[in-house]
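Enquirer: One structure coming up, written as structure tokens, with questions to follow.
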Amino acid sequence: MRDFIRGILLTTSVLSCASMAQAQGVATSLRDLQLLVRPGETVTVVDAGGNNVQGRVESFTASSLVLGTADRRRSWEEAEVVAVRQRRPDSLANGALIGLGVGAGSALVVFAVFAREEGDIVGIDGGDAVAMTAIFAGAGVAIGVGIDAMITREYDVFRRGGTGPQVRVQPLLAPHGGGVRVALAF
């Protein structure tokens, strides 16, 4: 029973630690940026002087970018642009996975807490337990997707010279223990 509860808690914690993933990469040239951003979309340009300028993309080529701001047009050559950021909605997939894990894990924890020694769960047979777990998991998915639908972030869609340092965390699971692998990339 103790191993069962540990397994449930470990599974729930691993599912709850889903990492953020972007479906689209970060362009390293204005030519690549044309695949990620369209004219008319709002972006923020960070130039070599450290200025942040927000506006709508009017046009861009492989070597220049033109934004329309509230009061004028601004133009940059590719060498003058350090980064371009765009506000985008959060991925709904990670909210769904986290909600699924939390909902199903919560149901399993409830069952484990109220389980009798003979194996049945306070008058609930196996079919009802599966149905309750599905209901908890479905509610978790709905809540997770609902929360993610309200989240928007400003993502880098262009960064001169690459994406910069990255940290990756990977859970390691084994029959008699576990751990975490951390990788740093520069």
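FYI, it's all coordinate maths here, none of it is from the lab. Computed from a predicted model, the values in this text were never measured in an experiment. Positions of Cβ are backbone-derived with ideal geometry, glycine not excepted, and every protein chain shown enters the neighbour counts.
Enquirer: How would PHE114, PHE136 line up from fewest to most surrounding beta-carbon atoms within 10 angstrom?
Expert: Arranged by neighbour count, lowest to highest, PHE114, PHE136 become PHE114, PHE136.
Enquirer: Given H placed on each backbone N at 1.01 Å, which residues far from ALA27 in sequence or on other chains put an amide H within less than 5 Å of it?
Expert: Those lying under 5 Å, H to H, from ALA27 are PHE158, ARG159.
Enquirer: Using 1/(1 + (r/R0)^6) with R0 = 41 angstrom and r between the beta carbons of VAL110 and GLN54, what's the FRET efficiency to the nearest 0.05?
Expert: Given R0 = 41 Å and the Cβ-Cβ separation, E is 0.30.
Enquirer: Which ordering of MET132, MET150 is given by a fewest-first count of other beta-carbon atoms within 10 Å?
Expert: So the residues, fewest neighbours to most, are MET150, MET132.
Enquirer: Right, next: Could you go through the range 94-108 in sequence order and give the Karplus-derived ³J(HN,Hα) for each residue, using 6.51 cos²θ - 1.76 cosθ + 1.60 with θ = phi - 60°, rounded to whole Hz, and x for Gly and Pro?
Expert: For the range 94-108, the Karplus curve yields 5, x, 5, 5, 5, x, 4, x, 5, x, 5, x, 5, 4, 5 Hz.
Enquirer: Please compute P(r) over all alpha-carbon pairs of the range 30-89, binned at 5 Å starting from zero, and give each bin as a whole-number percent.
Expert: 4, 20, 35, 29, 11, 2
Enquirer: Using amide H atoms built 1.01 Å from N in the peptide plane, name the residues 5+ places from VAL82, or on other chains, whose amide H lies under 5 Å from its own.
Expert: Here the answer is VAL46, ASP47, ALA48, since their amide H atoms fall under 5 Å of that of VAL82.
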